[in-house]
1. What is the number of the single condition among (1) more than 22 Å from Lys65 (Cβ to Cβ); (2) surrounded by 12 or more Cβ atoms within 10 Å (Cβ to Cβ) that Ser3 does not meet?
2. What are the pairs with Cβ atoms under 6 angstrom where one residue, in the range 63-85, is closer than 13 Å to Phe22 by Cα and the other, located anywhere, is part of a strand (DSSP E or B)? Sequence gap at least six, or different chains.
3. Answer yes or no as to whether Ala89 is among the small types (Gly, Ala, Ser) and open to solvent by 60 Å² or more (accessible area, probe 1.4 Å).
4. Filter the range 6-16 down to residues that are open to solvent by 10 Å² or more (accessible area, probe 1.4 Å) and outside any strand (DSSP E or B) and give me whichever is nearest to Glu68 (Cα to Cα).
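The values are calculated or read from the model by the stated rules, or taken from the named source; none is laboratory data. Treat the numbers as computed from the prediction; the structure is a model and nothing was measured. Note that we place each Cβ from the backbone using ideal geometry, even for glycine, and neighbour counts take in every protein chain shown. The protein model used for the area step is the full one, side chains on, heavy atoms only, and it has no ligands, DNA or RNA in it. Shrake-Rupley method; radii C 1.70, N 1.55, O 1.52, S 1.80 Å.
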Amino acid sequence: MISVLTLTYQRHFLLEEAIYSFLNQTYNGEREMVIINDCKDVTYEFNHPLVRIINLQDRFSSVGKKLEWGFKQCKGNWIYRLDDDDLLA
């Protein structure tokens, strides 16, 4: 399985495009997209079996700590990092 890990913070307009670029891939193997949102004022919801959004109430003290925690949430043997302002082509 491949996990695509995406960190976000108050950028829903970009995150939507990143999600759709993930879903539009032609790869047929097992995959998941894990989105980590640590903005307590924003809650994201997206009902799709390949996309898991984790909304947290406390902000991480650094991007490194957010990444480390996010890696632990991924189920895949391989992890690909996709920023919320990036697209998969």
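1. (1)
2. Here the result reads Tyr80/Val4; Arg81/Leu5; Leu82/Val4; Leu82/Thr6; Asp84/Thr6; Asp84/Thr8, each pair linking the range 63-85 to a residue that is part of a strand (DSSP E or B).
3. Numbers: among the small types (Gly, Ala, Ser): yes; open to solvent by 60 Å² or more (accessible area, probe 1.4 Å): yes.
It is true that Ala89 is among the small types (Gly, Ala, Ser) and open to solvent by 60 Å² or more (accessible area, probe 1.4 Å).
4. Going residue by residue through the range 6-16, those that are open to solvent by 10 Å² or more (accessible area, probe 1.4 Å) are 7, 9-14, 16.
Within this subset, residues satisfying the condition of being outside any strand (DSSP E or B) are 9-14, 16.
Values: Tyr9: 16, Gln10: 20, Arg11: 21, His12: 22, Phe13: 25, Leu14: 22, Glu16: 23 Å.
Taking the candidates together, the pick is Tyr9.
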